[in-house]
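Below is one structure, written out as structure tokens; comments come after it.
The values are calculated or read from the model by the stated rules, or taken from the named source; none is laboratory data. For clarity, every value in this text was computed on a predicted model and none was experimentally measured. Cβ placement follows ideal geometry from the backbone for every residue including glycine, while neighbour counts extend to all protein chains displayed.
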Amino acid sequence: PRPLDVLNSTLDGTKQERERIPVGEAVVHWFKRDLRTHDNRALSMASAKAKSKGVPLVCMFIVSPQDYQAHFTSAPRVDFELRTLEVLKQDLAEKEIPLYVTTIEDRKAVPGHILQKCEEWGAKHIYCNIEYEVDELRRETKLVKSCMDKGISFTAVHDDVVVSPETLMTGAGKQYSVYSPWFRAWIKYVHEHPHVLDASEPPAANPGGTKESFNVIFGTPIPPAPENKKLTDEERTRFAHLWPAGEHEAHQRLTRFLNEKVGMYKETRNFPAEQSTGMLSVHLSAGTLAARTAVRSARDVNSTKKLDGGNIGIAGWISELAWRDFYKHVLAHWPYICMFKPFKYEYTNIEWEYDEGKFAAWCEGRTGFPIVDAAMRQLNHMGYMHNRCRMIVASFLAKDLLIDWRMGEKYFMEHLIDGDFASNNGGWGFSASTGVDPQPYFRIFNPLLQSEKFDERGAYIRKWVPELGGVEGKAIHDPYGRGAVKVAEKAGYPRPVVDHKVSRERTLAKYKEGLGRS
Ligand code: FAD
């Protein structure tokens, strides 16, 4: 059976078996990318189980350096998770719930370690939320089997998405691969099943007098980041300042955004200098905020009390959150996209170039295209980039430099604080035209026009490429082509690495050739 089916069966198929298993001396919740106490489905179920049996709830989180390596997780992201664990540990401690955090070097040893701990704690029930990446699905499937052998019940819950994968199917019973009809089905489903947006109860306080081994956990510090994911002191201070961790911060950001900005979201979301978007992606991807909470809160401030209609800013924001669900549905249904393959197999044979010099210029923000350079410098400094700019730089890498989009996808994961496999892979596939519901391959962004349209006055460019501060007027978009040669040269700003018109023609030819070979 498919891993997803095995995990689905832990919710329904094995329910009765689970009921027969005695509760033991504790119930375990295994935290992964759901680092919050509010509106957390599996945590809530684990707590209810523990409460009904009068035993304590024990929480755990495993730091897995090999998983970080496998997912190219960025050092700022690891740091964000560890800072979040500090907050979580404190919040849980207020309810007498211990949070056990340890580092397990060998990722294959993670399931065994969980079972060993359950044995030590006398726990017979494990709860967790499902992650949809293929390695994670397989790991959990293994754990289901090992748990059954040991008489332990294992419950994996859909929580990361608003609507569970494979709930929405086309008329022909197939998975959607086009966003618009999928989105219509998503809206309809949520309106017909409003309970999917209901919040889960936060965990109840543990009964007093817990075992000595649990008391030890309360006093254990959160482990440091793995050696190859450590930030320098300067970086640590910067990221802590830019991205305060934990679910309280997430809720405050959400409230501020809904009070102050969502109304104008539709008009302003594409302009990177405006700072008009939610900036909640890091919280959604680390699970300090549930997508469900975000959608529910937006719905509740909409005049229609629905996901659509009413305020166009709110409806627009919800439709962006839906993209997140869409890409996770795609990932859960077509796990091969985790294996460095394009979603559209007919784009497998494009002959990419692997020009190290051009790739380095792109990574470091010195391509000579100001909007591209500003965006890459924002990424390198903040671990974040505005969505419009993500599309511009992705298109530029694949279609101007003709560099394999997977190199860009990896670079993003290595630097984004909000790195999320499904959204990142989806975004890259869209821009490189190799993914699900992509931009047609012959639509190639002109970086200059994008710059003029979305950063008309050059405010974003001037912020991130300060050496161009002295360039006036429209020349900011293309200093060498628009008569600001002397200023740009004096500032040491590089000349463009390619001629857009020439590279556009070359790319069209290469895509056609590649398609011809498929
Ligand atoms: P808002 O505009 O406030 O949107 C609200 C939320 O909706 C976001 O936080 C995000 O969870 C979701 N969302 C918005 N747009 C998209 C989208 N296009 N696809 C999927 N979800 C979306 N998003 C990530 O969270 N992690 C990534 O690794 C990631 N990589 C990307 C790579 C490329 C090449 C592209 C084009 C997009 C990528 N995105 C990624 C999507 C999007 O750029 C970010 O989610 C968004 O910029 C985050 O800023 P925000 O929270 O202010 O978004």
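For the reader, a short list of remarks on this structure follows.
- Helices (runs of 4 or more DSSP H) within the range 212-262 that include 2 or more residues surrounded by 15 or more Cβ atoms within 10 Å (Cβ to Cβ) and at pLDDT below 95: 212-218
- Residue match in the range 408-417 (condition: under 23 Å from R269 (Cα atoms) and not in a helix (DSSP H, G or I)): yes
- The condition (being surrounded by fewer than 24 Cβ atoms within 10 Å (Cβ to Cβ) and within 15 Å of the ligand (Cβ to nearest atom)) is satisfied by just one residue among T304, T293, T288: T293.
- Top-ranked residue in the range 57-72 [being touching a residue at least 60 places away in the same chain (Cβ under 8 Å) and buried (at least 23 other Cβ atoms within 10 Å of the Cβ); ranked as farthest from K117 (Cα to Cα)]: L57
- Scanning the range 147-168 for residues that are touching a residue at least 12 places away in the same chain (Cβ under 8 Å) and under 28 Å from the mean Cα position of the chain (by Cα) yields a count of 14.
- So V144, is it under 23 Å from the mean Cα position of the chain (by Cα) and β-branched (V, I, T): no
- Which listed residue, of A205, A199, is within 19 Å of D34 (Cβ to Cβ) and modelled with pLDDT of 95 or more: A199
- Test: A432 is closer than 23 Å to R506 by Cβ, within 12 Å of the ligand (Cβ to nearest atom) and either buried (at least 23 other Cβ atoms within 10 Å of the Cβ) or not aliphatic (A, V, I, L, M) (or both): yes
- The condition of being within 15 Å of the ligand (Cβ to nearest atom), without any contact (Cβ under 8 Å) to a residue 24 or more places away in the chain and either in contact with a strand residue (DSSP E or B) (Cβ under 6 Å, 6 or more places away or on another chain) or not hydroxyl-bearing (S, T, Y) (or both) holds for only one of M391, M382, M376, that being M376.
- A204 surrounded by 13 or more Cβ atoms within 10 Å (Cβ to Cβ), within 18 Å of F61 (Cβ to Cβ) and of a type in the set (G, A, S): no
- Flag: F80 does not match the condition of being part of a loop (DSSP other than H, G, I, E, B), closer than 29 Å to R238 by Cα and in contact (Cβ under 8 Å) with a residue 24 or more places away in the chain.
- Number of the exception - Q439 against (1) at pLDDT 95 or above; (2) within 11 Å of the ligand (Cβ to nearest atom): (1)
- Residue within the range 401-419 that is within 14 Å of the ligand (Cβ to nearest atom), touching a strand residue (DSSP E or B) at 6+ places or on another chain (Cβ under 7 Å) and closer than 21 Å to T348 by Cβ present: yes
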